[in-house]
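Beneath this line is the structure, given in structure tokens, with notes to follow.
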Number of protein chains: 2
Amino acid sequence: VLLYNSAVSGNCYKVRQLLTHLGIPYEIHELSVIDRSDRADVIGGLNPALRVPTLVFDDGRSLAESGAILWHFADGTDYLPSDAFERAQVLQWMFFEQYDIEPNLAVVRFWAIAGIDPAPADAASRRAAGERALSAIEGHLAAGRAFLVAERYTIADIALYAYTHVAEEGGFSLAPYPLVRAWHDRVAVQPGHILITE
Amino acid sequence: VLLYNSAVSGNCYKVRQLLTHLGIPYEIHELSVIDRSDRADVIGGLNPALRVPTLVFDDGRSLAESGAILWHFADGTDYLPSDAFERAQVLQWMFFEQYDIEPNLAVVRFWAIAGIDPAPADAASRRAAGERALSAIEGHLAAGRAFLVAERYTIADIALYAYTHVAEEGGFSLAPYPLVRAWHDRVAVQPGHILITE
């Protein structure tokens, strides 16, 4: 498969991590997340949202949105449970991630990486929402859970690890979230784990 | 099942629409989207994100995030295809909706309903992003599609109809999007269709 990728994108990292776990070879086409002027030309016919990751299969079909790509490749493997309710819980956390984590932790981190000076009110509101999202994960793990769903490592962990484990790059402190940090450690020792910089 | 609901929420409307299609009886517990001070007390143990919709099964298990709830109930029915790639495409549009439509069309509509005066820069950026999202749907339908995925009515249509068909309540005009309006008309004549006000 061909992956339209950005090296700094946590959403792309999720896809690279799962493809690596599954031993699926992929080719990288790198796109800038700073200069997006070529997006319509390059992936306009592949992804209406013009975002990475966008994945193209060998037969030419394309698929976008990290959550949809993760689901598609994980289904039928150890990375997605077969129980209907556990599958729904995996999706619950993946939708939570795209709504409550990505727009806050990822955007604030992107500002830092791109050297963007945000409006103070926007920064404050995303920072507060990011803290609420981290607290929600901390509270979920406080019930004695080792992983987010089904007490084993799934694509829910891959999806939520991506931006939470680099939250400090956006100026968040993980010190108040010891259970999140311990969960990060458990994810990082999974066989086949790769770094976001790989 | 018991549905923690808000009458103005498009996310809750999606769930009510699918449960109605499927003939699954549900009880409503209404929560305010304006005064959220009771959220932790009422749904704190059910949904870490403290948002509606939150659904509770008769055996006490709970499920949150409209996309996860739709998927769980639609799986195995006519509202979700059985083909693996079409299922991934349904998820692609549902993740697109939560990332590109909900934070823009729904938030701007909520400001209008709640009488909130937003920061001008925030309003401008959400309005521009909302227009881009509507354009992305228009472009997708321009390929001659009657529905978003698999040329039939699925939970992708239910999910994206919810906030796009009331976009004008937030001050968006649908005049530049004739294919979106024609698709709205096709959704609205589906057997069992209910209004967002029902």
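Give, rounded to the nearest 20 debye, the magnitude of the charge dipole that chain A has about its Cα centre when Lys and Arg contribute +1 at Cβ and Asp and Glu contribute -1 at Cβ.
Numbers: 15 positive and 25 negative charges, 64 e Å.
My answer is approximately 300 debye.
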> How far apart, in nm, are the 7 Å Cα→Cβ label points at A:A146 and B:D122?
Replying inline: 4.2
> With Cβ to Cβ distances under 9 Å as the rule, what net charge do the other residues near A:L2 carry (K, R +1; D, E -1)?
Replying inline: -2
>> Counting heavy atoms of the protein chains only and a 1.4 Å probe, report the per residue accessible area for the protein assembly as shown as a whole number of Å².
In response: 40
>> Placing the label point 7 Å from Cα along the Cα-to-Cβ direction, what are the distances from A:F57 to the equivalent spots in the other copies, shortest first, in nm to one decimal?
In response: 3.0
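The range A:25-129: percent of C-alpha pairs farther apart than 20 Å? Intermediate values should be presented prior to the final figure.
Details: 3035 of 5460 pairs.
Beyond 20 Å sits 56 percent of the P(r) for the range A:25-129.
Suppose R0 equals 22 Å. What FRET efficiency, 1/(1 + (r/R0)^6) with r the Cβ-Cβ distance, do A:L22 and B:S82 give to the nearest 0.05? Working shown, then result.
Working: r = 22 Å, r/R0 = 1.01.
Rounded to the nearest 0.05, the efficiency is 0.50.
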> Using a label point 7 angstrom from Cα along Cα-to-C-beta, what distances in nm, from shortest up, separate B:S82 from the other copies?
Replying inline: 1.7
> Rounded to the nearest 500, what is chain B's calculated 222 nm mean residue ellipticity when only DSSP H runs of at least 4 contribute -39500 (n - 2.57) each, over all residues?
Replying inline: -14000 deg cm²/dmol
> Taking the simple approach of a point 7 Å from Cα along Cα-to-Cβ for both A:A175 and A:F57, what is their distance in nm?
Replying inline: 4.9
>> Bin width 5 Å, origin at 0, all Cα-Cα pairs of the range B:1-82: what percent of pairs per bin?
In response: 3, 15, 28, 26, 16, 8, 3, 1, 0
> For B:I24, which inter-copy label distances result when the label point lies 7 Å beyond Cα on the Cα-to-Cβ vector, reported in nm to one decimal and in ascending order?
Replying inline: 2.8
> Given that compact globular proteins tend to follow 2.2 N^0.38 Å, what is the ratio of the alpha-carbon Rg of the protein assembly as shown to that value?
Replying inline: 0.93
> Which percent of the accessible heavy-atom area of the range A:89-133 goes to carbon and sulfur, probe 1.4 angstrom?
Replying inline: 56
> Could you list, bin by bin from short to long, the percent of Cα-Cα pairs of the range B:127-198 in 10 Å steps?
Replying inline: 18, 57, 23, 1
>> Rounded to the nearest 100 Å², what is the buried accessible area between B and A, both sides summed, probe 1.4 Å?
In response: 2900
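Stokes-Einstein diffusion coefficient for chain B at 10 °C in a medium of 1.306 mPa s, Rh from the Kirkwood formula over Cα pairs: what value in µm²/s?
Values: Rh = 17.4 Å.
Result for D is 91 µm²/s.
The values are calculated or read from the model by the stated rules, or taken from the named source; none is laboratory data. This is a predicted model, so every value here is computed, not measured. Positions of Cβ are generated from backbone atoms using ideal geometry, with glycine treated the same way; all protein chains shown enter the neighbour counts. Just the protein is used for accessible areas: all its heavy atoms, side chains included, with ligands, DNA and RNA removed. Shrake-Rupley method; radii C 1.70, N 1.55, O 1.52, S 1.80 Å.
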